[in-house]
């Protein structure tokens with residue numbers, strides 16, 4: 001399996017969307033302050049490989065909650 005960087009636009013650029021959605025959910029729903037705080041997240045693999053920063057999704061903004069009721 002080849003590694004890819006979520007910060008680059010390989011192909012359509014949409015391949016990382018499901019992964020980012022999964023990683024942001026604990027933050028989005030107020031369970032954690034940042035994605036890496038969730039102990040069961042696969043984000044730790046990406047952080048260990050240097051593909052994502054440890055503080056990814058540390059700041060959740062209002063755009064994440066747009067359109068949700």
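Tabulated values for the structure
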{"read-out": "Nitroxide proxy distance, nm - points 7 Å out along Cα→Cβ at residue 25 and residue 42", "value": "1.2 nm"}
{"read-out": "For segment 13-53: span of alpha carbons on each principal axis (Å, largest first)", "value": "27, 22, 15"}
{"read-out": "Separation of the residue 15 and residue 55 label points, Cα + 7 Å toward Cβ, nm", "value": "2.9 nm"}
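Bear in mind that the values in this text are calculations on the coordinates, not laboratory data. Everything numeric here is computed off the predicted structure, so don't read it as measured data. All Cβ positions, glycine included, derive from the backbone under ideal geometry; neighbour counts span all protein chains shown.
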